[in-house]
Amino acid sequence: MSVIIKDVEKGSIAYKSRIKSGDTLVSINDNIIMDVLDYRFYQNEEKLVIKIINNRNRVKNIKIKKLEYEELGLIFDTYLMDEKRSCKNKCVFCFIDQLPKGLRDSLYFKDDDSRLSFLFGNYITLTNITEHEIERIIKMHISPINISVHTTNPELRVKMMTNKNAGNALKIMNRFNDAGIKMHSQLVLCPDINDGDELRRSLNDLLNLENMECVAAVPVGLTKFRNGLADIKPYKKQTASKVLDIVEEYSQKSIEKYGERRFYASDEFYLLSERKIPSAEFYGDFLLLENGVGLWALLKAETDSALQDLECDKINRHITIATGVAAYPLLREIADLCEQKVNGLKCDVYAIKNDFFGEKITVAGLITATDIYNQLNDKDLGDALLIPSSMLRAEGDMFLDSVTVQELSKKLNVKISVTNPDGYSLIDSILEIAEEV
């Protein structure tokens, strides 16, 4: 496979070497370029022979000398150089299968692309990976690889993911481990399916992989749109507590074996079991934030630090914060601390119940503009409404129900400020709004 060069950065090495837009990149140092991973890996050498085919169909071999890791400056049509690879599984717990009809098309796409794991930290299942990709990961030493494990029991994994290849995951992880490839993994747990003794089996297998840096256990997310799907029960206090006991058991084993904690339960398991969430020190380098592991502790530590050195004169401001049901207690605590620290500042906090997806969904990241409007339109929101960036798509402009921030702001007749996912930004946002209005 060869790829067409969309553009060349002016002043770059490729530009100076007279590589042009519309040329086709065939190989670098005789290595065929299939996609972005090939390109990024093979362009790093100091001496390159780049084979291209120009727009007159003439083959050219261009010799280049450059600094190691210096970028060539080629631009392609997409960051992958081809289409994203979709997931071929039919997992019993898949959240996308629980979405209602009528949302924007991009929300229904299931990716399972090893290249996205390397580039953006996406999790892959290893069920759709080819032998070529496995060997390439090992050859290029791409690390870490983020893996959705769920269970290491081959028969159960095939059943849960409805894919005959799903049972090979542990064999592939063993190959990565032997090659020194670092791995991060997650297990989406479903009551009476892959928890209990099955969870112990999975954690024990993962414990034996010395290059498995961290493991996250997260509860299955269940919307109200599960008609025709597998009957899965939600976690409650007692069942969540049992999961925590097992994860903490293996967390201690990892400390004894490797001198570090590698097994973690998501914040949601602590909230469901009504146990105190550990302090920030418990979570080490916070490698699993994308799995909801340590978010609460990190936000609390950052806001405490930001408030500790805060000096602010008396102000007369009224701020409203919208969040999910799960995060409400922490945001209310932070708001109370802000009010105590800053005279004249009033911070209202509202827990938005998820009517759109169902009340079992309690995270802020799945709240829609419709629910915010329905539950806040009769409230005095004061000078501004703060929402976390997790409620919006990557572009930062639209909620899951395709309502824009500007549209919601107009309907509620209030300024909306989007806060970044850290305690310092949250405190800054509150105070910046107070100063602006």
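Observations
- Residue-wise HN-Hα coupling along region 343-359, computed from phi with Karplus coefficients 6.51, -1.76, 1.60 (Hz; x: Gly, Pro): 4, x, 8, 10, 10, 8, 10, 10, 8, 7, 6, 8, 6, 5, 9, x, 5
- Accessible surface comparison of Leu67, Leu299, Leu187, probe 1.4 Å, protein chains only, largest first: the order is Leu67, Leu299, Leu187.
- Accessible area of region 128-213 belonging to carbon and sulfur atoms, whole % at 1.4 Å probe: 47
- Within straight-line reach of Lys101, meaning a Cα separation under 20 Å, sit the following aspartates and glutamates at least 8 residues removed in sequence or on another chain: Asp111, Asp355, Glu359, Asp371, Asp401.
- A simple count of charges around Glu359, restricted to other residues whose Cβ falls under 12 Å of its Cβ and scoring Lys, Arg +1 and Asp, Glu -1, yields +1.
- Surface share of carbon and sulfur [accessible, 1.4 angstrom probe, percent] for region 298-437: 45
- Computed over region 212-267, the P(r) curve from all C-alpha pair distances, binned at 5 Å from the origin, holds 4, 17, 23, 17, 15, 11, 8, 4, 2, 0 percent per bin.
- GNM flexibility winner over the chain from Val188, Val49, Val403 (Cα, springs under 10 Å): Val49
- Residue-level accessible surface for Phe225, protein heavy atoms, 1.4 Å, Å²: 70
- The charge dipole of the chain, taken about the Cα centre with unit charges on the Cβ atoms of Lys, Arg (+1) and Asp, Glu (-1), comes to about 1700 debye, rounded to the nearest 20.
- Considering only Val149, Val215, Val92, the mean-square fluctuation computed in a Gaussian network model of the chain, springs between alpha carbons under 10 angstrom, is largest for Val92.
- Compared with the dominant Cα axis of the chain, that is its longest principal axis, helix 423-436 is turned about 60°.
- Helical runs (DSSP H, four residues minimum) scored at -39500 (n - 2.57) apiece and divided by the length of the chain put the mean residue ellipticity at 222 nm at -9500 deg cm²/dmol.
- Accessible-area ranking of Lys415, Lys276, largest first, probe 1.4 Å: Lys276, Lys415
- Cysteines in the chain lacking a second Cys C-beta under 4.7 Å: Cys87, Cys190, Cys214, Cys312, Cys338, Cys347
- 3J(HN,Hα) along region 48-62: 10, 10, 9, 9, 10, 10, 7, 6, 9, 6, 9, 7, 10, 10, 9 Hz, from the Karplus curve 6.51 cos²θ - 1.76 cosθ + 1.60 with θ = phi - 60°, whole Hz, x for Gly and Pro.
- For Leu381, residues with placed amide H under 5 Å, excluding near neighbours: none
- Averaging Cα coordinates gives a centre for region 149-196 and one for region 366-386; these two points are 41 Å apart.
- Using θ = phi - 60° in the Karplus curve 6.51 cos²θ - 1.76 cosθ + 1.60, the 3J(HN,Hα) couplings for region 221-234 round to x, 10, 8, 7, 9, 10, 4, x, 9, 4, 7, 10, 7, x Hz; x is entered for Gly and Pro.
- Overall, the accessible surface of region 1-40 at a probe of 1.4 angstrom is composed of carbon and sulfur to the extent of 47 percent.
- Computed with a 1.4 Å probe over protein heavy atoms only, the accessible surface of the chain comes to 50 Å² per residue.
The values are calculated or read from the model by the stated rules, or taken from the named source; none is laboratory data. Source: prediction; values computed, not measured. Don't worry about glycine lacking a Cβ; one is built from the backbone with ideal geometry, like all the others, and counts go over all protein chains shown. Just the protein is used for accessible areas: all its heavy atoms, side chains included, with ligands, DNA and RNA removed. Shrake-Rupley method; radii C 1.70, N 1.55, O 1.52, S 1.80 Å.
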